[in-house]
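Here the structure comes first, spelled out in structure tokens, and everything after it is commentary.
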């Protein structure tokens, strides 16, 4: 009898075919539009199986990337394949190092922005405190000025009354004026 053609594949089988880990396959599936894979998979006893069309879509998704490192890749006998594979790995590592360098630069920029923001907040708090102290001093000066004006007015107003009442002739005039 002939070789049986398999129609449905588990993620672990797809990972072996592509030469990557199962996690890489799951991550790649997440990046593929759900509408494309919608009718190309089934679940049996909690295990997801993909048909051959889905496997082709997944493999094509991996082929769109220049290189995906493999944990399960078999070593080839041919020295050229290993050389190409090493070149791809070195290129991939170099790209990752550049990306890490870029991300570190971005983190440094964000750290600087955070430090600057904290300084601005501290300055704002100091200015608010100074403003509040200045307002308090102005209010105290205003209250003192009002109090001084009131005291001055009272002294003038009551001084005139007191001086009139102290004059002896005024008292006598009042007494005699009342009798008339």
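On the given criteria, is residue 15 under 38 Å from the mean Cα position of the chain (by Cα) and surrounded by fewer than 16 Cβ atoms within 10 Å (Cβ to Cβ)? When the stated conditions are applied, residue 15 does not pass them. Being surrounded by fewer than 12 Cβ atoms within 10 Å (Cβ to Cβ), at pLDDT 90 or above and more than 30 Å from residue 7 (Cα to Cα) is the requirement here; does residue 83 meet it? No, not satisfied.
The values are calculated or read from the model by the stated rules, or taken from the named source; none is laboratory data. None of these values were measured; they are calculated from a predicted model. Glycine also receives a Cβ, built like all others from the backbone with ideal geometry; neighbour counts cover every protein chain displayed.
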